[in-house]
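Here's the structure we're looking at; comments come further down.
The values are calculated or read from the model by the stated rules, or taken from the named source; none is laboratory data. Everything quoted here is computed from the prediction, not taken from an experiment. Cβ: placed from backbone, ideal geometry, glycine included. Neighbour counts: every protein chain shown. Surface accessibility is based on the protein's heavy atoms, side chains included, excluding ligands, DNA and RNA. Shrake-Rupley method; radii C 1.70, N 1.55, O 1.52, S 1.80 Å.
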Amino acid sequence: MTISRIAVVGGGIIGTAVARELALREPEATVTVFEKESHLAAHQTGHNSGVVHAGLYYEPGSLKAQLCRRGVEMLVQYAAVNGIPYDECGKLVVAHTTLEVDRLEKIHERARANGVPHVALLDRHEMREIEPNVRGVLALHSPHTAIVDFVALTEAFGNDVLAAGGRIEYNSEVARLDTMGNEVRVALAMPGVESKMTQDAGSFDLVVTCAGLQADRLARASGLEAEPRIVPFSGDYFLIEQPAADVVKGLIYPVPDPAYPFLGVHLTRRIDGALMLGPNAFLSMGREKYTRGYSKGGFDLGDIGSTLGYKGFWKFAKDNVKAAAREARTAVSPKAFIAEAQRFVPDLDPLTVKPGPRGVRAQAMNADGSLVDDFVITTRGRLTQVRNAPSPGATSSMAIAEHIVDKALGSLR
């Protein structure tokens, strides 16, 4: 079957990785990326911690586990060939209590089952050989966990698309997709128009949507399933610049608590040498920057109403009162935020800490209030949609792209 026109919706890291993979697989086709902002990586990709996850936590055999390990292998090679900064700074997951020790030992077993290389449990003396300022009773060391510039990676993927003869259409917000027989028509939102007026962007033989924070809205507008819904959660970071950032050499994480849906404050070296503390997690007052979702104090009534009007959110909230209280404490009190980080690194100097960036996480949620943990990719004829791509989505982007393209092209055979 001849494929001559392909569209990808979304210019984040997964969208550009998918577009690149399609351009490589279908060299006779023209691949067009529709990105509503004026540049790539404008949203989740450009507002994350930059961590390349090794695959410690994921259920063995899950799509997350499989694609994470494959994604790391591909990313390491791609970064080296394209000169993208990549640092295997290593990671410690640190336990402080007997209960956390038990959980950490299970994580170690899971990491080994996932094929994570050279993971080891370290006692309090051994962990300080890796991180001299860390404190804890037991740590899981993942020496190959790394950091990278995901924005640079996304831009490199975009350049590959252009080099293959593809196009990137900026300032082009896709409002709706209409599947009609052997084609999918793409309708763009009219710039500066508040109504639902659209303009036709043409028909395509194959369309893949990677719409991130807008995945559910685009699906519903295209007449597809409403679930899962996206509920946005904000996360604030604090920053420590050099030379004070050298108090931590790599990454220091808490042991995940299954009673909480979010990890909690951790310490992350950035590729530019700064140290990030965070993020916390709390309900976002907006999905994206044009709604002031990345602003500390901004809000969007439409986004708030969408969340508060969703019954799944209220079921989630009812079941996570303790988690909300924990996160609210660090959200309203910088002192409490820093104190969480000092549990792991007591020598951290509060005077060196300053407010950092904010990110917004596209958390997919079911109607029963449960969080969607794994990747969700659906295909209907010539339209394939990425409905959920949580962490390690960026890490796994090249492997996710392979998987998505396999499904999308397979549906046409």
If you go through LYS64, LYS91, the only one that is at pLDDT below 95 and either closer than 18 Å to THR145 by Cα or under 21 Å from the mean Cα position of the chain (by Cα) (or both) is LYS64
Within the range 95-110, identify whether any single residue is farther than 30 Å from VAL8 by Cα, touching a Cys at 6+ places or on another chain (Cβ under 8 Å) and buried (at least 17 other Cβ atoms within 10 Å of the Cβ), and answer yes or no.
no
Spot the failing condition for TYR237; the list is (1) in contact with a Pro (Cβ under 8 Å, 6 or more places away or on another chain); (2) under 30 Å from LEU412 (Cβ atoms), and only one is missed.
(2)
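Got a sec? Which strands (runs of 3 or more DSSP E) wholly within the range 179-242 have at least 3 residues that are open to solvent by 10 Å² or more (accessible area, probe 1.4 Å) and either in contact with a helix residue (DSSP H, G or I) (Cβ under 9 Å, 6 or more places away or on another chain) or not acidic (Asp, Glu) (or both)?
Strands (runs of 3 or more DSSP E) meeting the threshold: 183-189, 198-204, 229-240.
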Of the residues in the range 336-361, those that are modelled with pLDDT under 90 and out of contact with any Ser or Thr (no Cβ under 9 Å at 6 or more places or on another chain) come to PRO357
So which strands (runs of 3 or more DSSP E) are wholly in the range 1-119 and hold at least 2 residues that are without any contact (Cβ under 8 Å) to a residue 40 or more places away in the chain?
none
How many of the residues in the range 297-314 are outside any helix (DSSP H, G or I) and either at pLDDT 85 or above or of a type in the set (Val, Ile, Thr) (or both)?
2
Return a yes/no flag: does the range 281-296 have any residue that is open to solvent by less than 20 Å² (accessible area, probe 1.4 Å), assigned to a strand (DSSP E or B) and more than 25 Å from ALA175 (Cα to Cα).
no
VAL248 being open to solvent by 10 Å² or more (accessible area, probe 1.4 Å), of a type in the set (Val, Ile, Thr) and either at pLDDT 95 or above or more than 18 Å from the chain's Cα centre (by Cα) (or both):
no
Can you give me the number of residues within the range 350-385 that are in contact (Cβ under 8 Å) with a residue 60 or more places away in the chain and open to solvent by 70 Å² or more (accessible area, probe 1.4 Å)?
5
Applying the selection to the range 45-61, what residues are open to solvent by less than 20 Å² (accessible area, probe 1.4 Å) and over 27 Å from ASP236 (Cα atoms)?
none
Looking at SER396, SER411, SER306, can you tell me which residue is surrounded by fewer than 18 Cβ atoms within 10 Å (Cβ to Cβ) and in contact with a Lys or Arg (Cβ under 9 Å, 6 or more places away or on another chain)?
SER411
Which members of the range 157-173 meet the condition of being open to solvent by 20 Å² or more (accessible area, probe 1.4 Å), out of contact with any Gly (no Cβ under 7 Å at 6 or more places or on another chain) and of a type outside the set (Ser, Thr, Tyr)?
ASN159, ASP160, LEU162, ALA163, ALA164, GLY165, ARG167, GLU169, ASN171, GLU173
If we scan the range 386-397, do we find a residue that is over 13 Å from the mean Cα position of the chain (by Cα) and more than 20 Å from HIS47 (Cβ to Cβ)?
no
